[in-house]
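First the structure, in the form of C-alpha cells, and then the observations on it.
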Amino acid sequence: MRKIKFIKIFLTVVTFSFLSSCNGDNEPIDPTIILNPQGSILPIVFKVGVNGQTYTASQVSAIFVGGNIIMSASRGTEQESFQIDIKGTSTGTYQTNTSVIGYRSGIAQPLFSSVNPSDALSYTGRIIISSINTVNKRISGNFEFTGYNNNGNITLTKEFTNGVFTNIPYTIN
C-alpha cells in the first residue's frame, strides 16, 4: 500500500513539474537552423516521350564514377528502365556517339540503345546537363535520341523525345 501511495505522489510531482515548466515561453532557436528554407529542392523528375507516349520514372538515381555520370531510371513491376552513361562530369552537351542511352521496356525485353549498329560512331541524339547542384548533390538536364535494337537481320528503332531529368540525386564514388 505504501508503494502505491509513493508512486501516486511521485507521478503527481513529475506531472506538476512538467506542466509548470511549459509556461508558453519558447527557448531561443539556434540561428544556423533554417526551419522553412526558401528555394527548397524541387521534385525529382525523369520523363521522356517514347513513340508518342510519356514515360515517367518512379525511381531515379545517379552516380559520378571514373569521370562518368551513370543515371538509372525505372518504373513499374516489369522494371521498364533507362540507363544513361555520360562521358563527363560537368555541365554541357554530350553527343550519343560518345555517351550512351539505353531503354528496356521490361526485364526480358529487347534493349534499345543510342548506338546505331550500322555506324557506332554516328550521332543519334544528345544529352544536355544544364545544372549540377554540388551542395544538394542534384543533377538536371534534358535528352533525346533514336534507340536501335538489332535482333539479327532486322534493326528496329524507337524515337525518344523531350526527355527531361530534374533534381536527380547523385552520389560520388
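The values are calculated or read from the model by the stated rules, or taken from the named source; none is laboratory data. No experiment lies behind these values; they were computed from the predicted model shown. FYI the Cβ positions are ideal-geometry reconstructions off the backbone, even for glycines, and counts take in every protein chain you see. To get the accessible areas, we keep the full protein, side chains included, count just its heavy atoms, and leave off ligands, DNA and RNA. Shrake-Rupley method; radii C 1.70, N 1.55, O 1.52, S 1.80 Å.
Which one of ILE29, ILE107, ILE69, ILE41 is aliphatic (A, V, I, L, M) and at pLDDT 95 or above? Among ILE29, ILE107, ILE69, ILE41, only ILE69 is aliphatic (A, V, I, L, M) and at pLDDT 95 or above. Screening region 101-114 for residues that are among the polar types (S, T, N, Q) and part of a loop (DSSP other than H, G, I, E, B) and picking the one that is farthest from GLU159 (Cα to Cα) gives GLN109.
Whether any residue in region 96-105 is more than 14 Å from GLY125 (Cα to Cα) and surrounded by fewer than 15 Cβ atoms within 10 Å (Cβ to Cβ) is what I want to check. Among the residues of region 96-105, not one is more than 14 Å from GLY125 (Cα to Cα) and surrounded by fewer than 15 Cβ atoms within 10 Å (Cβ to Cβ), which makes the answer no.
Can you find a residue that is over 22 Å from VAL45 (Cα atoms) and charged (D, E, K, R) anywhere in region 123-145? Looking through region 123-145, none of the residues is over 22 Å from VAL45 (Cα atoms) and charged (D, E, K, R). Contact map, region 56-75: first residue assigned to a loop (DSSP other than H, G, I, E, B), second residue modelled with pLDDT under 95 and open to solvent by 50 Å² or more (accessible area, probe 1.4 Å), Cβ cut-off under 6 Å, separation 6 or more or different chains; pairs are ALA57/ARG75; SER58/ARG75. If you filter region 160-173 down to residues that are modelled with pLDDT of 95 or more and not hydrophobic (A, V, I, L, M, F, W, C), you find that the one that is farthest from GLY52 (Cα to Cα) is THR171. Looking only at region 132-173, residues that are part of a loop (DSSP other than H, G, I, E, B), open to solvent by 70 Å² or more (accessible area, probe 1.4 Å) and not basic (Lys, Arg) come to 7 in all. Taking region 77-100 as the range and being in contact with a Gly (Cβ under 8 Å, 6 or more places away or on another chain), part of a loop (DSSP other than H, G, I, E, B) and farther than 19 Å from SER131 by Cβ as the test, the residues that pass are GLU78, GLN79, THR96.
Taking the criterion of being open to solvent by 70 Å² or more (accessible area, probe 1.4 Å) and modelled with pLDDT under 95, the residues of region 72-87 that qualify are ARG75, THR77, GLU78, GLN79.
So in region 115-131, with the set limited to residues that are more than 19 Å from the chain's Cα centre (by Cα) and not in a loop (DSSP other than H, G, I, E, B), which one is surrounded by the fewest Cβ atoms within 10 Å (Cβ to Cβ)?
Among those residues, the one meeting the criterion is ARG126.
In the set (1) crowded, with 17+ Cβ neighbours inside 10 Å; (2) within 25 Å of PRO169 (Cα to Cα), SER90 fails one condition alone, (1).
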